[in-house]
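Reading through the structure tokens given below for one structure.
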Amino acid sequence: MENEYVSDKQTTWRRNVKHTTLTLSVSKTILFTCLLWVGISTAALAQWSLNNSHSQLNFISIKKGDVAEIHHFKQLSGDIDGSGSAEIIIDLSSVETLIPIRNQRMRDLLFEVVKFPDSRFHAQLNMKEINAIQAGNSKQLDVMGDFTLHGQTKHLKLELLVSRLSETRLLVITSKPLLINAGDFALAAGVEKLREVAGLPSISSVVPVSFVLQFDMNE
């Protein structure tokens, strides 16, 4: 009888061990699945903010037919939300031409920053494509969006190179310059005012624009 009792206890113990092992195995599987899902969800729903210190937007003015000068804006902001809605904001009062009086003339005569303080570009991005880019890799993307400047909005196409510098950093570069025509944004009169006040024979109304933008994932 005693041997049968011991045997029954051993059988019960083995069953408990197997049950505990199975339970732990199932728990680990569930935990791993949850962590994987959280990781995927975090990447898919990540919010990105433009890093102004590591970004630059340049434009080129051409005067006297063949004299080109490079200018830029010192203040940029923007973000990309988890759904792919992206917006870039240019503070027009931060225009930098390296000549103070020319900066002021552009602010007052061309951009009219009192009435139109900023310019904006809004686009809907495919986040599946962007999230699929591995760290150290790049992808060419064509992006359509709405560009608003001086009270006028136009639908434009940007040809971009998107690079993932790390899991938390994206670099967005124009692979081809964007050509902005002053006449499309009610800026032709402002260009003429700049020409007159500077005493120049001509200023081109078409301006090439390019940028390098870094976006950091929000914590």
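Points worth noting:
- For the residues Glu192, Glu219, Glu167, Glu196, the requirement of being exposed (fewer than 13 other Cβ atoms within 10 Å of the Cβ), over 30 Å from Lys128 (Cα atoms) and out of contact with any strand residue (DSSP E or B) (no Cβ under 7 Å at 6 or more places or on another chain) singles out Glu196.
- Checking each residue in region 124-151 for being more than 15 Å from the chain's Cα centre (by Cα) and within 16 Å of Ser175 (Cβ to Cβ) picks out only Asn137.
- Hey, Leu141 closer than 30 Å to Ser205 by Cα and either of a type in the set (Gly, Ala, Ser) or assigned to a loop (DSSP other than H, G, I, E, B) (or both) or not: no
- Pairs where the first residue, in region 191-206, is among the acidic types (Asp, Glu) and the second is surrounded by 15 or more Cβ atoms within 10 Å (Cβ to Cβ), C-beta under 7 Å, 6+ apart: none
- Candidates Leu109, Leu158, Leu194, filtered to the one that is in the same structural domain as Ala68 (by TED's automatic domain parsing) and within 23 Å of Glu87 (Cβ to Cβ): Leu158
The values are calculated or read from the model by the stated rules, or taken from the named source; none is laboratory data. Source: prediction; values computed, not measured. Virtual Cβ from ideal backbone geometry, glycine too; neighbours counted across all protein chains shown.
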